[in-house]
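Chemist: Just passing along the structure, written as structure tokens.
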Amino acid sequence: MASTAVEPCAFALFGALGDLALRKLFPALYQLDRAGLLHAETRILALARESDEPATHLAAIGEHLQRHVPASEIDAAVMQRFMARLDYRSMDFLQAADYPALADRLGPVERLIAYFATPASVYGAICAGLAQSGLAERTRVVLEKPIGHDLGSSREVNDAVALHFPENRTYRIDHYLGKETVQNLIALRFANSLFETQWNQNHISHVEITVAEQVGIEGRWGYFDQAGQLRDMIQNHLLQLLCLIAMDPPSDLSADSIRDEKVKVLKALAPITAEQLGQQVVRGQYIAGGILGKSVPGYLEEDNANAQSDTETFVALRAEIRNWRWSGVPFYLRTGKRMPQKLSQIVIHFKEAPHYIFSPEQRPLISNRLIIRLQPDEGISLQVMTKDQGLDKGMQLRSRPLQLSFSDSHGSRIPDAYERLLLEVMKGNQNLFVRKDEIEYAWKWCDQLIAGWQRQGDSPKPYAAGTWGPMAAMALITRDGRSWYGDL
Ligand code: BG6
């Protein structure tokens with residue numbers, strides 16, 4: 001095994017038979033093993049309520065691994081080694097009496113990582129159980145989102161965890177922070193002096209953040225309908241991206257220096273008042289339509305749907321950050337299910353040069369943009385104006401990209417976000433995890449939007465599956481004389 005393996009640990013996965021664990025967490029752990037990053041003594045204990053024979057569940061986990069790890073990345077010897085690390089134990093997470101037996105099963109562990117892939121309502125009980133069975137001192141806890149459904153409920157969850165675990169052993173996941181290109185944002189901004197001088201309201205006209213998904217609800221109707229796109233995506237992933245774009249340079253790379261700067265951004269987000277809501281925020285819900293030439297049902301026709309639901313599956317909004325750096329620069333955010341393509345990207349639009357010298361008809365063409373593509377085709381592209389080649393072209397301008405592609409650079413695979421995040425927890429590094437106050441400020445800002453919708457009895461606007469959302473989402477940006485970059 002490679003010498004880069006991190007220190008050994010016992011990894012207890014609560015909710016081990018759930019979708020997240022089977023689709024993302026076990027494959028990520030397998031990939032860490034394949035990369036030689038799991039210590040030979042690291043063990044993984046899968047925990048769930050189901051009480052059949054452990055071998056049955058271990059076999060099911062193995063099958064899911066075969067399904068979710070690309071065939072070219074399955075190495076029989078590694079798979080065998082990985083499966084040998086796994087154990088399964090049935091327990092009721094709410095039963096205090098089940099925890100001493102868990103502690104016995106784990107035996108004398110130096111370091112326990114307890115990953116909660118369960119509803120947040122159970123986190124408090126798991127923390128209390130771990131503490132009462134004497135495990136808390138040696139444990140780092142990892143909390144999946146969503147942590148609560150508003151500020152009040154997120155505080156309850158965080159407080160219940162904090163009774164037993166200090167902040168420096170609490171790792172709150174936002175898997176977007178583990179994505180390779182999101183990491184690169186930090187490098188791009190703070191390892192290149194070139195950008196920092198331009199990174200403010202003097203030079204940037206506006207910023208777009210799009211996180212579009214082609215998928216619909218994928219059997220998660222029950223959870224999703226309680227949440228909606230604002231809670232599911234804006235409160236966490238999109239606001240985290242906004243923070244990384246907008247934050248001031250941290251004084252160092254330590255977790256708290258970075259998180260302090262992110263919190264300042266969240267605190268500076270201008271509230272959107274009830275009067276502004278109609279103009280600045282658009283909610284949508286998909287109706288039947290077509291994706292890649294295939295008909296797909298509307299949100300209300302999905303399996304187990306409540307046909308009366310007014311939960312949004314799309315949000316577009318115009319946010320402003322009230323500080324010196326960003327005053328007057330709109331941040332347009334949009335995210336939705338059943339969009340024409342899966343696409344996560346940030347577009348920074350720079351202002352025009354102060355004095356224009358080319359022919360007037362070319363003026364609308366001119367703009368520098370920095371496009372940061374998170375997925376797919378991870379990369380960064382800077383659009384610059386150049387002159388068309390040829391004797392007959394005169395000073396004919398053309399926008400061309402200076403392109404940096406991560407997906408084909410160095411020929412290496414791009415690790416999944418969860419691989420990086422699990423590795424960072426094992427290393428005890430909190431940079432890529434969200435601090436309690438970040439979550440709370442993000443909720444506070446989202447709560448005022450939800451309260452506004454509720455007061456106004458706002459219903460989501462329909463959009464056909466396979467389109468970029470309701471027409472009102474176009475109007476939101478065209479009203480400012482702009483358009484969403486790249487929409488077809
Ligand atoms: C999750 C949301 O946090 O992120 C899902 O709960 C969403 O609804 C998913 O589909 C998107 O993640 P990714 O990495 O596929 O963009």
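The values are calculated or read from the model by the stated rules, or taken from the named source; none is laboratory data. These numbers were taken from a predicted model, which means no experiment stands behind them. Cβ coordinates were reconstructed from backbone atoms using ideal geometry, including for glycine residues, and neighbour counts include every protein chain displayed. Only protein heavy atoms, including side chains, enter the accessible area calculation; ligands, DNA and RNA are left aside. Shrake-Rupley method; radii C 1.70, N 1.55, O 1.52, S 1.80 Å.
Chemist: The conditions are (1) open to solvent by less than 10 Å² (accessible area, probe 1.4 Å); (2) within 16 Å of the ligand (Cβ to nearest atom), and ILE204 fails exactly one of them. Which is it?
Modeler: Every condition holds for ILE204 apart from (2).
Chemist: Of the conditions (1) within 28 Å of GLY481 (Cα to Cα); (2) open to solvent by 10 Å² or more (accessible area, probe 1.4 Å); (3) near the ligand (Cβ under 10 Å from one of its atoms), HIS237 fails just one. Which one is it?
Modeler: The number of the failed condition is (2).
Chemist: In addition: Given the condition part of a loop (DSSP other than H, G, I, E, B) and within 26 Å of THR181 (Cα to Cα), answer yes or no: does some residue in segment 379-395 qualify? Lay out the reasoning, then the answer.
Modeler: Quick first cut of segment 379-395, residues part of a loop (DSSP other than H, G, I, E, B) only: 388-390, 394-395.
Then drop every residue that is not within 26 Å of THR181 (Cα to Cα), which leaves none.
No, segment 379-395 contains no residue that is part of a loop (DSSP other than H, G, I, E, B) and within 26 Å of THR181 (Cα to Cα).
Chemist: For segment 207-234, how many residues meet the condition of being away from the ligand (no atom under 11 Å from the Cβ) and open to solvent by 10 Å² or more (accessible area, probe 1.4 Å)?
Modeler: Of the residues in segment 207-234, 5 are away from the ligand (no atom under 11 Å from the Cβ) and open to solvent by 10 Å² or more (accessible area, probe 1.4 Å).
Chemist: Separate question: For segment 144-154, which positions are assigned to a helix (DSSP H, G or I) and surrounded by fewer than 20 Cβ atoms within 10 Å (Cβ to Cβ)? Walk me through how you get there before you give the answer.
Modeler: Initially, segment 144-154 is screened for residues assigned to a helix (DSSP H, G or I), giving 151-154.
Result: LEU151, GLY152, SER153.
Chemist: In addition: For segment 320-351, give me each residue that is closer than 19 Å to SER483 by Cα, in a loop (DSSP other than H, G, I, E, B), more than 16 Å from the ligand (Cβ to nearest atom) and touching a residue at least 60 places away in the same chain (Cβ under 8 Å).
Modeler: Hits for segment 320-351 are GLY328, VAL329, PRO330, LYS351.
Chemist: Ok, one more. Name the pairs whose Cβ atoms lie under 8 Å apart, with the first residue in segment 113-137 and free of Cβ contacts under 8 Å to residues at least 12 places away in the same chain, the second in a strand (DSSP E or B) and open to solvent by 10 Å² or more (accessible area, probe 1.4 Å), and 6 or more positions between them or separate chains?
Modeler: Taking only residues 6 or more apart or on different chains, not a single pair turns up.
Chemist: Examine segment 228-247 for a residue that is over 21 Å from the mean Cα position of the chain (by Cα) and either in contact (Cβ under 8 Å) with a residue 12 or more places away in the chain or farther than 28 Å from ASN323 by Cβ (or both), and state whether such a residue exists.
Modeler: Checking segment 228-247: not a single residue is over 21 Å from the mean Cα position of the chain (by Cα) and either in contact (Cβ under 8 Å) with a residue 12 or more places away in the chain or farther than 28 Å from ASN323 by Cβ (or both).
Chemist: While we're on this one: Step by step: first the residues of segment 436-466, then only those that are open to solvent by 20 Å² or more (accessible area, probe 1.4 Å) and among the small types (Gly, Ala, Ser), then the one that is nearest to VAL315 (Cα to Cα). Which residue is that?
Modeler: SER459
Chemist: Continuing with this model, one more query. Mind counting the residues in segment 276-302 that are within 23 Å of ASN323 (Cβ to Cβ) and either without any contact (Cβ under 8 Å) to a residue 40 or more places away in the chain or not in a strand (DSSP E or B) (or both)? I'd like the intermediate steps shown before the answer.
Modeler: Within segment 276-302, the subset within 23 Å of ASN323 (Cβ to Cβ) is 276-277, 279-281.
Filter again for either without any contact (Cβ under 8 Å) to a residue 40 or more places away in the chain or not in a strand (DSSP E or B) (or both), leaving 276-277, 279-280.
The total comes to 4.
Chemist: Condition check: more than 30 Å from GLU438 (Cα to Cα) and more than 16 Å from the ligand (Cβ to nearest atom). Does SER133 satisfy that?
Modeler: Numbers: more than 30 Å from GLU438 (Cα to Cα): yes; more than 16 Å from the ligand (Cβ to nearest atom): yes.
It is true that SER133 is more than 30 Å from GLU438 (Cα to Cα) and more than 16 Å from the ligand (Cβ to nearest atom).
Chemist: Collect the residues in segment 160-190 that are within 16 Å of the ligand (Cβ to nearest atom), among the charged types (D, E, K, R) and either open to solvent by 10 Å² or more (accessible area, probe 1.4 Å) or touching a His at 6+ places or on another chain (Cβ under 8 Å) (or both), keeping them in residue-number order.
Modeler: ASP174, LYS179, GLU180
Chemist: Which of the residues belonging to segment 240-275 are surrounded by fewer than 17 Cβ atoms within 10 Å (Cβ to Cβ) and under 13 Å from ILE439 (Cα atoms)?
Modeler: LYS264, LYS267
Residue-by-condition table, conditions (1) in a helix (DSSP H, G or I); (2) open to solvent by 40 Å² or more (accessible area, probe 1.4 Å); (3) of a type in the set (A, V, I, L, M, F, W, C):
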site: GLU361; (1), (2), (3): yes, yes, no
site: ARG373; (1), (2), (3): no, yes, no
site: ARG413; (1), (2), (3): no, yes, no
site: MET426; (1), (2), (3): yes, no, yes
site: VAL434; (1), (2), (3): no, no, yes
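Chemist: Among VAL141, VAL157, which is buried (at least 18 other Cβ atoms within 10 Å of the Cβ), away from the ligand (no atom under 16 Å from the Cβ) and not in a strand (DSSP E or B)?
Modeler: Numbers: VAL141 fails: not in a strand (DSSP E or B).
Selected residue: VAL157, the only one of VAL141, VAL157 that is buried (at least 18 other Cβ atoms within 10 Å of the Cβ), away from the ligand (no atom under 16 Å from the Cβ) and not in a strand (DSSP E or B).
Chemist: Go over the candidates SER459, SER407 one by one and state the one that is without any contact (Cβ under 8 Å) to a residue 60 or more places away in the chain, out of contact with any Leu (no Cβ under 8 Å at 6 or more places or on another chain) and part of a loop (DSSP other than H, G, I, E, B).
Modeler: Within the list SER459, SER407, the selection yields SER407.
Chemist: So which residues in segment 375-411 are open to solvent by 40 Å² or more (accessible area, probe 1.4 Å) and within 16 Å of the ligand (Cβ to nearest atom), if there are any at all?
Modeler: PRO376, ASP377, SER407 - these are the residues of segment 375-411 that are open to solvent by 40 Å² or more (accessible area, probe 1.4 Å) and within 16 Å of the ligand (Cβ to nearest atom).
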